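None of the figures in this text is laboratory data; all of them are computed from the coordinates on show. Keep in mind that this is a model prediction, so the values were computed, not measured. No Cβ is skipped: glycine too gets one built from the backbone with ideal geometry, and neighbour counts run over all protein chains shown.
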Amino acid sequence: MERGRAKVTTGAFYNSEQRFPPPNCHPGTRAQVLGILRSWITDVADLTSIYWLYGAAGVGKSAVAQTISEDFVASHLAATFFFARADPSRNNLSSFFITISYQLATSPTLGPLLKYPIDLAVCENPSIIHATLEEQFRDLIVLPCNWLAACGLTERWKSLPRLIVIDGLDECIDIASQERLISIIRQAKTVTAPLPFKFLICSRPEPRIRNAFRHQNFHSILNRTEIGESFESGKDIAKFLQHGFDRIRQEHGQSMAHVAEDWPGTGIIQRLVQRACGQFIYATTVLKFFLYAHSGSFFLTSWRTF
């Protein structure tokens with residue numbers, strides 16, 4: 001895999017320095033959707049193997065993907081890819097399967113089993129890192145997994161990390177590639193010997209992504225959940241805002257000594273929750289506006305005119 005290392009997009013890893021600090025679910029928030037996903041991930045029956053979590057921009061999909069990745073890194077997580085529209089290395093699929101296979105080959109748990117067949121695939125065909133996505137997927141992921149089956153190790157998959165988290169698929173700038181990736185995964189999960197991995201895919205419900213998931217072969221293998229104003233998002237945002245304002249008071253205690261302890265007050269919090277319309281990004285922006293202020297007088301003046 002060393003030959004293909006130059007094409008690995010490390011910035012797409014869940015723990016990449018490039019993404020620091022990553023979005024994350026505030027403690028006690030998104031409990032319902034996180035609970036649903038955790039149950040799906042740990043379900044040994046494997047009734048469905050693909051989960052599409054979708055919602056509008058700013059509702060917290062990436063935070064959920066990050067939290068799930070961190071929660072299961074020591075048990076179920078096999079690989080991650082976090083897309084980003086503004087990052088040329090993460091807004092396309094050119095390195096997607098190379099990056100996924102690299103994580104499989106270097107995993108403390110999967111590496112001892114998959115590194116050899118993945119390395120062999122690259123050694124026998126060095127040009128694979130420039131081949132089509134379908135060929136990369138076949139040679140770097142499917143065939144190495146089939147090699148394990150041929151060695152009689154199929155049963156071991158039940159105790160191995162099998163979760164692949166894909167976040168921000170809609171931020172892949174080539175719309176056709178979005179459908180193409182979904183199609184590749186669908187085909188791999190509906191063959192006679194389906195790929196053993198589970199896929200958590202997070203994205204906006206863009207028309208072509210939504211249409212791709214409507215394929216009839218997805219009916220028995222796909223779960224989907226919309227994240228937005230459902231799942232008690234209002235309560236979660238209120239909790240997030242209150243914690244943020246409490247933090248501001250602590251960090252600027254001297255300049256805000258004359259401010260009421262319940263600042264900014266329940267009424268203001270609820271007004272902000274209504275304006276957020278289920279979008280955590282709105283609440284985050286509000287807190288940043290106050291967090292980086294330099295004086296208590298700025299806080300009060302800004303708040304009255306906000």
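Quick notes
- Taking the longest Cα principal axis of the chain as reference, the axis of helix 266-276 is set at about 40 degrees.
- In degrees, nearest ten, helix 31-42 long axis to first principal axis of the chain (Cα): 10
- Springs between Cα atoms under 10 Å define the GNM used for the chain, and in it the highest mean-square fluctuation of ALA105, ALA150, ALA12 occurs at ALA150.
- Against the chain, whose longest principal axis comes from its Cα atoms, helix 280-291 is set at around 50 degrees.
- A cut-off of 5 Å between modelled amide H atoms, ignoring neighbours fewer than 5 places along the same chain, links TYR14 with THR80.
- Top of ARG204, ARG247, ARG162 by mean-square fluctuation, Gaussian network on the chain, Cα under 10 Å: ARG247
- Amide hydrogen neighbours beyond the local backbone of ARG224, cut-off 5 Å, H modeled: TRP52
- Cα-based shape type of region 137-239, given that a ≥ b ≥ c are square roots of the gyration tensor eigenvalues and the cut on a/c is 1.5: prolate
- Cα-based shape type of region 58-127, given that a ≥ b ≥ c are square roots of the gyration tensor eigenvalues and the cut on a/c is 1.5: oblate
- Close amide H partners of LYS198, meaning residues 5 or more places away or on another chain with modelled amide H under 5 Å apart, are LEU163, ILE164.
- The Stokes-Einstein estimate for the chain, based on a Kirkwood radius over Cα pairs and taken at 25 °C with 0.890 mPa s viscosity, is a diffusion coefficient of 117 µm²/s.
- In straight-distance terms, cross-link reach from LYS7 covers every one of the lysines whose alpha-carbon lies under 30 Å from its own, apart from those fewer than eight places away in the same chain; here that gives LYS61, LYS115, LYS189, LYS198.
- Loop-resident sites, region 1-106, for trypsin sites (Lys or Arg not before Pro), counting at most 13 other Cβ within 10 Å (DSSP): ARG85
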